[in-house]
1. Has the range 259-270 got any residue that is closer than 29 Å to D5 by Cβ and away from the ligand (no atom under 12 Å from the Cβ)?
2. Pairs please, first residue from the range 294-319 and farther than 17 Å from W498 by Cβ and assigned by TED's automatic domain parsing to the domain that holds R284, second anywhere and away from the ligand (no atom under 15 Å from the Cβ) and at pLDDT below 95, Cβ atoms under 6 Å, 6+ apart in sequence or on different chains.
3. Could you list all residues from the range 324-355 that are touching a Lys or Arg at 6+ places or on another chain (Cβ under 9 Å) and small (G, A, S)?
4. Do you know which of the residues in the range 272-282 that are under 17 Å from T424 (Cα atoms) and of a type outside the set (D, E, K, R) is farthest from the ligand (Cβ to nearest atom)?
5. So S287 fits all but one of (1) touching a helix residue (DSSP H, G or I) at 6+ places or on another chain (Cβ under 7 Å); (2) surrounded by fewer than 22 Cβ atoms within 10 Å (Cβ to Cβ); (3) among the small types (G, A, S); what number is the exception?
6. When residues of the range 238-256 are filtered for being of a type in the set (D, E) and surrounded by fewer than 15 Cβ atoms within 10 Å (Cβ to Cβ), how many remain?
7. So, in the range 468-497, exactly how many residues are surrounded by fewer than 23 Cβ atoms within 10 Å (Cβ to Cβ), under 23 Å from F273 (Cβ atoms) and not hydrophobic (A, V, I, L, M, F, W, C)?
Amino acid sequence: MIENDVFHHPLVVELLDETRTLWALGHAMSLMGWDLETNMPGKGVTARSEAFSNLAVLQRNLLLRDEIVKTVDKLSEGIEELDDYEKGVVRVLSREIRIARALPEELVAKLAKVTSEATRIWSEAKKRNDFDRFRPHLEEIMKLVREKAERLGYDQHPYDALLDLYEEGLRTRDVEEIFSSLVPTTRRILDKVLSDDFYPRKHPLEDFSYDPERARELMKEILLKLGWDWNRGRLDESPHPFTMGLDVDDVRITTRYEGKDIRRALYSVIHEFGHALYELQIDRRISMTPIGGGVSLGVHESQSRFWENMIGRSHWFLKGVEEIIAKYLGAVAEHSWLELYRYVNTVRPDLVRVDADELTYNLHIYLRFQLEKRLISGDAQVGELPELWDSGIEELLGIRPKNYSEGVLQDIHWSHGSIGYFPTYTLGNLIAAQVWGKMRSEIDGLPELVEKLDLQPIRRWLRDRIHRWGATYPPSSLIQRVLGERPSTEHITRYFEWKYLKLPDELRR
Ligand code: MG
């Protein structure tokens, strides 16, 4: 029997016993996933995919056992007797069971097969700038994903069912409402930024080469300053930086060193640190349970964006790390913190989402949201995508892709069948600004703390407000509860206006 001092209801304790094997299986699969991205020899991918799909079936069968389903049903009937943690366990498991039941094994297996083939084809098609090569695969994926939405069910829009998979409770109309104010605000601010020269479109340090060996040392020191505990975390290298939380005491992040433009490596480390800190600060009494992880993609991304943008790209932080950066990257030492600030905050309309700055980033998400919504409702066809993409980005940013690789083929997400995922990035940006607004009003002398790299009060605030709860509350209730309001564009608008319109005058003086 599992010993704990959080869960008391006997049926919940029994349920946690029953789900422990599921947790262990998830733990093993996470480690397999981490290894696949960091260490596995390329040819290992065939066996690894086969192992994954077999274990996914096992996972599903374990979850749908009577011992779990019946207990969850029984607990749902008397939900009012349970405390918040216990309610959280029942909510998370009910949701997983509902999703697993809605999607027949054949559909899941088909999607896995089609997407693993499509991912390979996408990568080739992107290299060769050949949309037609990818097109039939994407058509098949869209067909299967539409079936998935129908089976999952929805009230208003089939896209709702998909959004909900990545962000519990998020609806198409919520996302529409967000963009209806965020897009015009962003474009208004962008126009002003581009007509001024404070935030440059390009900075000479972008062309600056560095020694990866020195950069590795720099990242270790930056992580230490952020509060990294090497007994509970690792930093490795992978082509696509990511975070893998295996347990509250075992969280791994990665970055990559390209030898040029150090901010790419630096800010992916700070970004992943934000994801990692969330997992590291979850109440250890709920670890290894269904609520022992971050609650949603949007809330997770808010934590990474908060550290990357609000802290990491602030002029206070750059004053704080100026000397450390100079120590490892000599040539950078000639540049003042103000120059570093302008280097890490260039603003320019860019065709590629992952290269986009903080301000224009959400416009890229808006384009993808519109296209996904239309594809899912049948209002647009895959064959029309390249033209819809090119004209869409031109309308938003005034630039047009010269080829598919920097246009419609740039992202991996669709080849994975991840439709409905992109909006969680913008949601994360919104929540990050909300956290920042609230924190500034509650922590005295926040700018000075950042400048001194005395970041413990910030970590503690995030732990007490957000991290410790894990998935106890649904994402939007958590935000409402801890920040006092639902996610909205109010804070990000205020933050952008301060950073891009007011701050330049202060810093110029
Ligand atoms: Mg992220």
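The values are calculated or read from the model by the stated rules, or taken from the named source; none is laboratory data. What you see is a predicted model, and the numbers here were worked out from it, not measured in a lab. Quick reminder, even Gly has a Cβ in these numbers, built from the backbone with ideal geometry, and neighbours come from all protein chains shown.
1. Scanning the range 259-270 turns up no residue that is closer than 29 Å to D5 by Cβ and away from the ligand (no atom under 12 Å from the Cβ).
2. K319/W337
3. Scanning the range 324-355 gives G330, A333.
4. So the first thing to find is which residues in the range 272-282 are under 17 Å from T424 (Cα atoms), and the list is 272, 274-275, 278.
Remaining after also requiring of a type outside the set (D, E, K, R): 274-275, 278.
Details: G274: 8, H275: 6, Y278: 11 Å.
Filtering first and then ranking leaves Y278.
5. It is condition (1) that S287 fails.
6. Step one: filter the range 238-256 for residues of a type in the set (D, E), giving 247, 249-250.
Adding the requirement that they be surrounded by fewer than 15 Cβ atoms within 10 Å (Cβ to Cβ) leaves 249.
Qualifying residue count for the region: 1.
7. Counting residues in the range 468-497 that are surrounded by fewer than 23 Cβ atoms within 10 Å (Cβ to Cβ), under 23 Å from F273 (Cβ atoms) and not hydrophobic (A, V, I, L, M, F, W, C) gives 3.
So that you can scan it fast, the table gives a plain yes or no per residue for (1) closer than 30 Å to D164 by Cβ; (2) free of Cβ contacts under 8 Å to residues at least 60 places away in the same chain; (3) in the same structural domain as Y278 (by TED's automatic domain parsing):
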position: S441; (1), (2), (3): no, yes, yes
position: L446; (1), (2), (3): no, yes, yes
position: P457; (1), (2), (3): no, yes, yes
position: Y473; (1), (2), (3): yes, no, yes
position: S477; (1), (2), (3): yes, yes, yes
position: L503; (1), (2), (3): no, no, yes
